[in-house]
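The values are calculated or read from the model by the stated rules, or taken from the named source; none is laboratory data. The structure presented is a predicted model; accordingly, all values stated were derived computationally and were not measured. Cβ sites come from the backbone with ideal geometry, for glycine too, and all protein chains shown count toward neighbours.
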Amino acid sequence: MSTHLLIDGYNYVKQSAIAALLDPFDLESGRRYLLDELSRYKKDKKMRITVVFDAGQGFSPGRKKEGYRGVEVIYSKQGETADEVMMETIRERRAGLVVVTFDRAIIDEAKKHAVPFITPARLEAALSGGGPDEEDRGRTEKKGNPRKAPKGVRRARRVVKKI
């Protein structure tokens with residue numbers, strides 16, 4: 001089962017460290033920066049990556065899909081938000097799907113369908129070659145831990161660690 005990242009594009013751009021350097025009205029620069037970073041990351045990790053953006057003011061009667069250096073990019077159709085596109089994908093529950101967002105509604109939908117999720121900050125750390133997670137630092141291996149996490153939680157952790 002390969003990992004498939006589903007990223008809330010503008011949510012990531014607005015939450016990332018690069019957002020402070022960008023003009024808040026120039027979404028194109030943030031979008032290109034994110035897609036460039038993800039294309040480099042995809043080459044290293046060999047995983048499927050899909051980024052969903054709102055169509056904005058443009059007229060688009062249907063969803064628009066395009067590729068950008070191996071990264072699948074989806075623009076929502078007119079009258080539809082990127083959140084709706086992501087929730088629809090989550091409901092399909094594809095194996096290996098990991099959602100990247102800070103949006104509460106999408107996180108709740110992911111939890112409801114047992115789809116693991118991470119925040120944009122965690123993905124940004126992975127993109128920049130960040131080390132181990134904060135929770136994993138300083139831990140030592142223990143034998144025979146009687147308080148094992150449920151199987152679904154352990155499975156979600158394994159998928160997220162691949163990122």
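None of Glu88, Glu80 is modelled with pLDDT of 90 or more and more than 27 Å from Ser128 (Cβ to Cβ) except Glu88.
For the stretch 95-116, what are the residues that are over 24 Å from Ala55 (Cα atoms) and either in contact with a strand residue (DSSP E or B) (Cβ under 6 Å, 6 or more places away or on another chain) or of a type outside the set (A, V, I, L, M, F, W, C) (or both)? It would help to see each step written out before you state the result.
If we filter the stretch 95-116 for residues that are over 24 Å from Ala55 (Cα atoms), which is where we start, we get 95-96, 111-116.
Matches in the stretch 95-116: Gly96, Lys111, Lys112, His113, Val115, Pro116.
The residue pairs whose first member lies in the stretch 49-73 and is closer than 20 Å to Glu37 by Cβ and of a type in the set (D, E, K, R), whose second member is part of a loop (DSSP other than H, G, I, E, B) and modelled with pLDDT of 85 or more, and whose beta carbons are closer than 9 Å, counting only pairs six or more residues apart or on different chains, are Asp54/Ser76; Asp54/Glu80; Asp54/Thr81.
Quick one: count up the residues across the stretch 99-112 that are surrounded by 15 or more Cβ atoms within 10 Å (Cβ to Cβ) and without any contact (Cβ under 8 Å) to a residue 12 or more places away in the chain. So that I can check it myself, show each step before the final result.
As a first pass, look at the stretch 99-112 and keep what is surrounded by 15 or more Cβ atoms within 10 Å (Cβ to Cβ): 99-103, 106-107, 109-110.
Now narrow it down to the ones that are without any contact (Cβ under 8 Å) to a residue 12 or more places away in the chain: 107.
Here the count works out to 1.
When Thr119 is tested against (1) under 15 Å from Thr50 (Cβ atoms); (2) at pLDDT 85 or above; (3) not basic (Lys, Arg), exactly one condition is not met: (1).
Can you pull out every residue in the stretch 79-98 that is touching a residue at least 12 places away in the same chain (Cβ under 8 Å) and over 16 Å from Val13 (Cβ atoms)?
Keep residues of the stretch 79-98 that are touching a residue at least 12 places away in the same chain (Cβ under 8 Å), which gives 80-83, 85-87, 89-91, 93-98.
Those that are touching a residue at least 12 places away in the same chain (Cβ under 8 Å) and over 16 Å from Val13 (Cβ atoms): Glu80, Val85, Met87, Thr89, Ile90, Arg91, Arg93, Arg94, Ala95, Gly96, Leu97, Val98.
When only residues in the stretch 14-66 that are outside any helix (DSSP H, G or I) and among the acidic types (Asp, Glu) count, which is modelled with the highest pLDDT? Checked the stretch 14-66; the qualifying residue modelled with the highest pLDDT is Glu66.
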